[in-house]
Amino acid sequence: MSEAYETTKLSDPKRPTVRERLAQVGPAAVSDADLLVAVIGSGRKGRDVRTLAREVLELVDGRVAPPAPDRLSQIIGVGGALACRISASLELGRRLYGHRERRVAGPKDVWPLVAHWADRRQERFVCVSLNGAHEVLAVRLVSIGLVNRTIVHPREVFADAVAERACAIVVAHNHPSGRLEPSPEDIDITRRLRSSGETIGIPLLDHIIFSATGFYSFVESGLLEPGFEA
């Protein structure tokens, strides 16, 4: 058994190790950080595996493509071989199970694209760009906010969508508290994004507030005009 799993057992003997949880519930039910713990395997001198996993996650969070090994190796404790292994595993996952061309017909199709951000301690504001058939062009992290709110401007949301010649967008953000009700700020930015989208010809189809267990749709709640095809 590797050092990573031994350390987990010693810190909390009743808690299953990452390896045990992967075997029991599958990778889809394990957090991003724990998936990286499984890839990294063990800590390095003076740095435990979870610290390494957290720093790698901070680096890859929101990137469109996996970072190159030389960028990963700048993290203290991540040597050349480990950097190559992390980069290769991320790239393989992107190639085999990427979200491009997945059709979005409603909010239930958006949630799986963003739900892995639900466990973050700060709000993440995400933009999903769609083509004319409502197929996914990209899922991008627009901004990282404070513990209970995020600050976002329409120009940051639409910049990449314009460059990609997107025909529509869906935006989403997590609530670290787990509560899904929109705040007054959430309602305000939704109205501003809808207005901006109408002006430039890239409509906002929905705004999703999500947690690890569910989501809130502005369209389904009547706070935004329906934009998805029936």
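Histogrammed with a bin width of 10 Å, the alpha carbon distances of the stretch 107-217 distribute as 16, 52, 29, 3 percent, first bin at zero.
With the helix formula -39500 (n - 2.57) applied to DSSP H stretches of n ≥ 4, the chain reaches a computed 222 nm mean residue ellipticity of -12500 deg cm²/dmol.
For the chain, compute Rh as the Kirkwood radius over C-alpha pairs and then the Stokes-Einstein diffusion coefficient at 20 °C and 1.002 mPa s; write the answer in µm²/s, rounded to an integer. Translational D for this selection: 113 µm²/s.
Taking the charge dipole of the chain about its Cα centre, with +1 at Lys and Arg Cβ atoms and -1 at Asp and Glu Cβ atoms, the residue from Leu82, Pro203, Leu137 reaching farthest to the positive side is Leu82.
Only Lys, Arg, Asp and Glu carry charge here, each on its Cβ (+1 for the first two, -1 for the last two); on that basis the chain has a dipole of about 680 debye about its Cα centre. Each label point was placed 7 Å from the Cα along the Cα-to-Cβ direction; for Thr199 and Glu185 their separation is 2.2 nm. What net charge do the residues around Arg194 carry, taking every other residue with its C-beta under 13 Å from that of Arg194, with Lys and Arg at +1 and Asp and Glu at -1? My count for the surroundings of Arg194 gives -3. Between Ala88 and Ala105, full extension at 0.36 nm per residue minus the direct alpha carbon distance yields a gain of 2.9 nm. The simple spin-label model puts a point 7 Å past each Cα toward its Cβ; for Ala163 and Asn131 those points are separated by 1.9 nm. Kirkwood radius and radius of gyration were both taken over the C-alpha atoms of the stretch 75-151, and their ratio Rg/Rh is 1.06.
Magnitude of the charge dipole for the stretch 152-205, about its Cα centre and with charges confined to Cβ atoms of Lys, Arg (+1) and Asp, Glu (-1), is about 100 debye.
Scale the Cα Rg of the stretch 158-208 by the rule-of-thumb value 2.2 N^0.38 Å and send over the ratio, two decimals. For the stretch 158-208, the normalised Cα radius of gyration is 1.23. Under the simplified labelling scheme, the Arg44-Arg121 pair shows an inter-label distance of 2.2 nm, with each label point 7 Å from Cα along Cα→Cβ. Here the dipole of the stretch 107-217 is about 160 debye; that uses its Cα centre as origin and unit charges on the Cβ of Lys and Arg (positive) and Asp and Glu (negative).
Taking the convex hull of the Cα atoms, report for the stretch 3-95 its projected area averaged over all directions, in nm².
Values: hull surface 24.3 nm².
In nm², the orientation-averaged hull projection of the stretch 3-95 is 6.1.
Summing +1 for each Lys or Arg and -1 for each Asp or Glu among the other residues whose beta-carbon sits under 11 angstrom from that of Pro107 gives -2. Principal-axis analysis of the Cα atoms of the chain puts helix 49-60 at an angle of about 30° to the longest axis.
Bear in mind that the values in this text are calculations on the coordinates, not laboratory data. From a predicted model like this one, the values you see are computed outputs, not experimental measurements. Virtual Cβ from ideal backbone geometry, glycine too; neighbours counted across all protein chains shown.
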